[in-house]
Amino acid sequence: MRSARPWKASCRRSFEGSRVPGAEDSALLELGGCAIIPGVTLLAATPEMEAGREALARGAWLDAKAAFEGALARRESPEALEGLGITAWWLDHGDSIFETRERAFALYRGRGDNASAARMATWIAWDYAAFRGETAVASGWLRRARRLLEGVPEGPEHAWLALREGAFALLEHGDPREALERARESIRIGRAIESADYEMLGRALAGFAKVTAGEVAEGMRDLDEVNASVLAGELRDPVLIGLACCYLIAACERVRDFDRAVQWCTRLKAFCEKWGLRPLFSVCRTQYASVCMWRGTWNEADEELTLATEELRVSRPAMTAEGLVRLAELRRRQGRLEEAADLFARAEPHPQASLGLAEIALDRGDART
């Protein structure tokens, strides 16, 4: 196993000469695997790379984009491409994210840096699932990442891959046992490399998997612990923080524990608004809207779902169906059956769409449809 100390030292070297961040703005120094660009020591090699790193630390995505584009104008490097890919993800620039990250993957492979190539493959897998809904392609990239990490000493890339494999198993294949196994892998690696982010997100995924498998009380305790850790400032990576919160809300929705969801949703919303984390906010607010529906605050649910569905339609069309089925259900409850039927039809083949159309038929007194 790779020693935790050399890995942590390489991260420190990456940030030498930078301002010392506070507990909150340091969160943006870590994105999806160790650091802004995990394990990379070339971030401060040029003024443009340093400017890009500093802009990411501030959550200034457009400034970071300009800086990394400037670095690429000087010389193409996988580090600059990876930085540009991160800004594209936060800005919802799905049209450019694939070319940028796939080029970074190819350059890392050409350099013989399999760990970095695997990191990019894991991100690309998520991109194909989230932006295009192409789960077979996503599965292929996850498999490629796993193959590239064979023989590589365990580090953050292994934990990042385990987390995405676990989420894919749970959300795409409905396999909580596989998800729990991958979550435990991330917990183990996170503890070995002294990364609270990977350990705690592993615990969040484990909790979500347990709830899905029927171990509700134990799973919810895990999720509460993780989100308490988030509020205490123990986690630094905003991507992983957002995922931890979303897993909690999704678990609450599955078992109708809306009191717990309301308590945590308020904090997630404030966090996303503060840092401009639109991708995370748009997805999780659809789940929050379901909480609003069950509480009877239909106006708030309507506002949240309308905004979130439009944002997802523009930025992540493959994920729009989640918002559409919830908005359709709200319209059904409001008695606006024609609008509800149209929304359910647009959400197909989402499994809730067929159920919703059946409920509309019952509402109309047509039990034969």
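Each Lys and Arg Cβ is given +1 and each Asp and Glu Cβ -1; about its Cα centre, region 207-274 then shows a dipole of about 200 debye.
Between residue 181 and residue 310, what is 0.36 nm times their sequence separation minus the Cα-Cα distance? Round to one decimal in nm. Intermediate values should be presented prior to the final figure.
Numbers: separation 129, 0.36 × 129 = 46.44 nm, distance 3.55 nm.
Full extension of this stretch gives 42.9 nm more.
Hey, for a label at residue 213 modelled as a point 7 Å past Cα toward Cβ, could you say which residues of region 137-176 have their backbone N under 13 Å away? Counting only backbone N, you get 170, 175-176. The phi torsions of region 328-337, fed into the Karplus equation with coefficients 6.51, -1.76 and 1.60 and a -60° offset, translate into couplings of 5, 5, 4, 4, 4, 5, 7, x, 8, 5 Hz, rounded to whole numbers, with Gly and Pro shown as x. Charges were assigned to the Cβ only: +1 to each Lys and Arg, -1 to each Asp and Glu. The resulting dipole of region 43-122 about its Cα centre is roughly 220 debye.
Once the Cβ-Cβ distance between residue 303 and residue 225 is put in as r, and R0 is 22 Å, what FRET efficiency do you end up with, to the nearest 0.05?
On the way: r = 32 Å, r/R0 = 1.44.
Using R0 = 22 Å, I get an efficiency of 0.10.
Pair-distance distribution of region 49-180: all C-alpha pairs, bin width 5 Å, starting at 0; shares per bin in whole percent are 2, 12, 19, 20, 20, 14, 9, 3, 1, 0. Exposure proxy for 226, 325: other Cβ atoms within 10 Å of each Cβ, ordered fewest to most, give 325, 226. In terms of surrounding Cβ atoms within a 10 Å radius of their Cβ, 360, 189 rank from fewest to most as 360, 189. Please find the FRET efficiency linking residue 339 to residue 96, where r is the Cβ-Cβ separation and R0 is fixed at 41 Å, and quote it to the nearest 0.05. About 0.75, to the nearest 0.05.
Note on residue 171 and residue 147: with the Förster distance fixed at 35 Å, the Cβ-Cβ geometry gives a FRET efficiency of about 0.95.
Every number in this text was worked out from the coordinates using simple rules, so none of it is lab data. Since we're looking at a predicted model, the values are computed, not measured. Positions of Cβ are backbone-derived with ideal geometry, glycine not excepted, and every protein chain shown enters the neighbour counts.
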